[in-house]
Every structure is written in structure tokens, then in C-alpha cells.
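Just below is one structure, and these are the notes that go with it.
The values are calculated or read from the model by the stated rules, or taken from the named source; none is laboratory data. On a predicted model such as this, the values are computed, not experimentally measured, just so you know. Quick reminder, even Gly has a Cβ in these numbers, built from the backbone with ideal geometry, and neighbours come from all protein chains shown. Side chains are part of the model used for accessible areas, which takes the heavy atoms of the whole protein and leaves out ligands, DNA and RNA. Shrake-Rupley method; radii C 1.70, N 1.55, O 1.52, S 1.80 Å.
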Amino acid sequence: MASTTLEIPEARRIPRHIAIIMDGNGRWAKQRFFPRIAGHRRGVEAVRNVVRACIERGVDYLTLFAFSSENWRRPPDEVSFLMQLFVSALEQEVEKLHENGVRFRVIGELDRFEPKLTRLIREAEARTSKNRKLNLTIAANYGGRWDILQAVTRMLRERPELASGFSERDLTPYLALGDAPEPDLFIRTGGEQRISNFMLWQLAYTELYFTDVLWPDFDAAVLDRAIVSYQQRERRFGRTSEQLPGGAGVPVYQAQDVGDAG
Ligand code: IPE
Ligand code: IPE
Ligand code: MG
């Protein structure tokens, strides 16, 4: 993984990696006097739309937070509905993802899922493993702290000599998504301005974008607003403005049409 604390990533107008906390399904449903699960169902449609939009815009990696390590605290009925929804989404969508050149992966502690769900996940990962158009990763039973702990544990098991000290470069290959660039753009829908234990390590230099739009209402237009905001940021990675390519005070990314990839 290219580490933003060790190397400065190449400036691109379209973020290479977008990570999203898909929040607000319950509130979307509540506003309509629907049960919370109706919001989750609509949320799957929003996922379909954002995947398509990311392919069209030339995004390389899209990582979506679907279920956190802490979401087990929800009412059992809601948790089991979410698991069923995951199963049916896999059954219905994987072939289409494959046809569209999407590489599908899941990060998180899969042991806690039912065997059927784990099997569907493994099959989908194997089926799409050679695809390169878009790397779609679903974070499920994922937590940023879990990720760091499992990485350290696996690293020390394989390389016990590192117990006396190790570097970022030693650790990063063991993190979930250790082979991906760190996210350039983080989006959270639903109005909360917090990270909720999402990719704690990898968000070190990510540009953060928060929107009040509820996840079931997320579409290409909202994605484009986030990308335009990203293009107006000056990503300094610790340097001064004057040191940036393009000179003093000139944003690295100029706001332009978001349509073309590059
Ligand atoms: C996000 O929507 C989906 C999951 C966390 C599974 P929420 O279900 O958290 O919706 P709100 O925040 O209650 O509106
Ligand atoms: C974060 O949403 C996790 C996912 C979207 C999967 P939550 O709705 O669980 O977050 P909190 O509890 O409001 O921080
Ligand atoms: Mg929520």
C-alpha cells in the first residue's frame, strides 16, 4: 500500500480511492413512516448507483462501510435482516458486477457470519478476482481498531523477530486493503461528523466530506458534489503551500467538470 505518511501520492482530479460511510437508512425510512429495514433495502439501490457512477468517472477503488463491529448492538431483528439483505444482494448482484469488470472483496471479521454468507462472499471474491475496472470493497463486521490489531497479530505470528520493534512498512501489508492506495476522499452521508471506527489507519491524510443527504438518496449528483469539493482542496501532506507543484497558494486540484477520468 502506498502510504501517505511515507510517500506523497500523485495528484489526480478524480480520486483514486473513495471510502464511504453509508449512513441514514433508518432516518430515511422513519421520515416516510416505514420500518427501518425499508431504508436498508433502498440503501442497496444507492450502492448500485454509486458503483456505476464510480466506474463512469474512472475511480479505481470504492470502499463502502456496510456493517460495523459495533452494529451487533442493534436489535436482533434488524441485525438478522441486514444479514439476509447481504445474502440476497450477493445472490443477485455478483454476476452483474463481474460482467462490469468489478473486483469484489469484503474486509472485516467474517468468522461471526453464518456459513452461507461467508461461502457466498468467498465465491464472489474468487469469481471476480481477476477484474480490474473497479475494486469494490465492502467493510462488514469491520472496525478500524480490529483491523490494526489483526494486522499486528498476524505480522508478529509470521515475523516474531519484529516483536522488539517494527515500522509502518512492516505493518501495512497485513492491514485489510494492504495492497490498495489509501483513500483520497472520505464521504459520510446522514449528517453525522464522525469516523465511527472506519479505516482509522488509512484515513491519515484523506480529505473528509460530510453531507446531510441520507444514504438511500445518494446518487451520482451527490457524488459529483463531493468530488468537486475534493478538487478544491489543497492537499499538502505536511508541506507548505509554496512547496506544492504549481506554486504559492494555487490549489493542486482546480474545480473543473468532474465528468472525465484522469
Ligand atoms: C446505515 O444506516 C446502515 C447501517 C449502519 C447498517 P443507519 O441504519 O445507521 O441509519 P440511521 O443512522 O439510523 O438513520
Ligand atoms: C456507521 O454507521 C457504520 C456504518 C454505516 C456501517 P452507524 O450508524 O452505526 O454509526 P454511529 O453509531 O451513528 O456512529
Ligand atoms: Mg446510523
Mean accessible area per residue over the chain (1.4 angstrom probe, all protein chains present, square angstrom) is 50 Å²
By the mean-Cβ-within-10 Å protection proxy, highest first, 183-193, 39-49, 159-169 rank as 183-193, 39-49, 159-169
So for the chain, using the alpha carbon gyration tensor with a ≥ b ≥ c as root eigenvalues (a/c under 1.5 gives rounded; past that, a/b versus b/c decides prolate or oblate), I'd call it oblate
Once 208, 149 are ranked on solvent-accessible area with the largest value leading and a 1.4 Å probe, the list reads 149, 208
With the 8 Å Cα cutoff and a minimum separation of six or more residues, the chain has a relative contact order in percent of 29 percent
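For residue 194 and residue 118, calculate 0.36 nm times their separation in residues minus their Cα-Cα distance, and state this gained length in nm to one decimal.
Full extension from residue 194 to residue 118 adds 24.4 nm.
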Two pseudo-spin positions, 7 Å from Cα along C-beta at residue 79 and at residue 126, lie apart in nanometres by 2.9 nm
Here the net charge surrounding residue 129, from other residues whose Cβ is less than 14 Å away from its Cβ (Lys, Arg +1; Asp, Glu -1), is +4
Taking a ≥ b ≥ c as the square roots of the Cα gyration tensor eigenvalues, with a/c under 1.5 meaning rounded and otherwise prolate when a/b beats b/c or oblate if not, region 1-90 comes out prolate
With -39,500 (n - 2.57) per DSSP H segment of 4 or more residues and division by the full residue count of the chain, the 222 nm estimate, nearest 500 deg cm²/dmol, is -12000 deg cm²/dmol
With residue 177 itself left out, Lys, Arg at +1 and Asp, Glu at -1 over residues whose Cβ is under 10 Å from its Cβ give -2
Heavy-atom accessible area of region 17-243 with neighbours in place, 1.4 angstrom probe: carbon+sulfur share in percent works out to 50 percent
Cα-based Rg then Dmax for region 66-168, in Å, read 16.1, 48
